[in-house]
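The values are calculated or read from the model by the stated rules, or taken from the named source; none is laboratory data. Being a predicted model, the structure only gives us computed values, none of them experimental. Cβ: placed from backbone, ideal geometry, glycine included. Neighbour counts: every protein chain shown. In case anyone asks, the SASA skips ligands and DNA or RNA and just uses the protein heavy atoms, side chains included. Shrake-Rupley method; radii C 1.70, N 1.55, O 1.52, S 1.80 Å.
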Amino acid sequence: MGQGLWRVARNQQLQHQGYSGQGYLTREHGRRTATNNVSNTSHRKQAQGGIDIYHLLKTRKSKEQGGFINLEMLPPELSFTILSYLNATDLCLASCVWQDLANDELLWQGLCKSTWGHCSIYNKNPPLGFSFRKLYMQLDEGSLTFNANPDEGVNYFMSKGILDDSPKEIAKFIFCTRTLNWKKLRIYLDERRDVLDDLVTLHNFRNQFLPNALREFFRHIHAPEERGEYLETLITKFSHRFCACNPDLMRELGLSPDAVYVLCYSLILLSIDLTSPHVKNKMSKREFIRNTRRAAQNISEDFVGHLYDNIYLIGHVAA
């Protein structure tokens, strides 16, 4: 701090002595030996550093005198674009300065739909006194409630008119929301199989390679930690949905939902085998092809080999 202030003072002194862009003129004309040239170079660098700090402080001071840019003086489109980069907390703080701009319904509507992509209330005529800012607070409160108790969270959304009491509407809400705790969501879907059915149908696996489609499926509907009836249900529903999305491919490969079910289980076991540090002897590609074709004989060897390569290169299907 002291050195910086010294450079500012030194800079002002140099300006009075005739500083120029090429250097500065000293008053001691007799000292031009080689040693003094090195010394002058060092002083020149110090002076240049002082000049930078001086101009920086001068510019900052002028900005402080002028104040921050007043967004209300800008075109509304530009002001809304700037404010659209803020999250809910910062937008509330901005409303203390620019109340009319930061409380605009378009900004809060964008925040709501970017966080909760689907709500039943979006497609209804808004009630009297409706506000997207208030809706954002309710959605945030409902999400926190869901992450503590899924049933209470869903009931909260319904009580506020945000969601309709329909498995399809609840499934769309879950599909388009990323703020829900996946462990609580897994428990809720295990209990609400009607919602799970509609949630599966929202996935489109058309023209996707089987392991990649399985990864996308488990990103939305997280697999249980242990094998059991729920995992079998998920794989069964995925197999039927994958076949429904790719009828031409299924005919070409001669695959049925049962064959896809077998392949999915094989991919999960292979993922564990290749990615687990506890498995020392990894399954080879030849072994995977042999074991898989024993369970599903109509599958071509090349297709099964591509499945192995995908897991080997990309990783677990349910990570």
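Elements of the type helices (runs of 4 or more DSSP H) sitting completely within segment 225-319 and holding at least 1 residues that are over 25 Å from Asp194 (Cβ atoms): these cover 247-253, 257-275, 285-295, 301-314.
Checking each residue in segment 201-217 for being open to solvent by 10 Å² or more (accessible area, probe 1.4 Å) and either touching a Leu at 6+ places or on another chain (Cβ under 7 Å) or closer than 21 Å to Ile268 by Cβ (or both) picks out Gln208, Phe209, Asn212, Arg215, Glu216.
Would you pick out the residues in segment 273-319 that are among the aliphatic types (A, V, I, L, M) and open to solvent by 80 Å² or more (accessible area, probe 1.4 Å)? Selection gives Leu313, Ile314, Ala319. Yes or no: segment 119-130 includes at least one residue that is modelled with pLDDT of 80 or more, of a type in the set (A, V, I, L, M, F, W, C) and surrounded by fewer than 19 Cβ atoms within 10 Å (Cβ to Cβ). Yes, there is a match, as at least one residue in segment 119-130 is modelled with pLDDT of 80 or more, of a type in the set (A, V, I, L, M, F, W, C) and surrounded by fewer than 19 Cβ atoms within 10 Å (Cβ to Cβ).
Being within 30 Å of Lys183 (Cβ to Cβ), within 34 Å of the chain's Cα centre (by Cα), at pLDDT 95 or above and small (Gly, Ala, Ser): is that true of Ser266 here?
So Ser266 fails the test.
The residues in segment 146-184 that are open to solvent by 30 Å² or more (accessible area, probe 1.4 Å) and either in contact (Cβ under 8 Å) with a residue 60 or more places away in the chain or β-branched (Val, Ile, Thr) (or both) can be counted, and the count is 3. Answer yes if at least one residue in segment 212-226 is in contact (Cβ under 8 Å) with a residue 12 or more places away in the chain, touching an Asp or Glu at 6+ places or on another chain (Cβ under 9 Å) and more than 30 Å from Ser131 (Cβ to Cβ), and no otherwise. Yes; the residues of segment 212-226 include at least one that is in contact (Cβ under 8 Å) with a residue 12 or more places away in the chain, touching an Asp or Glu at 6+ places or on another chain (Cβ under 9 Å) and more than 30 Å from Ser131 (Cβ to Cβ).
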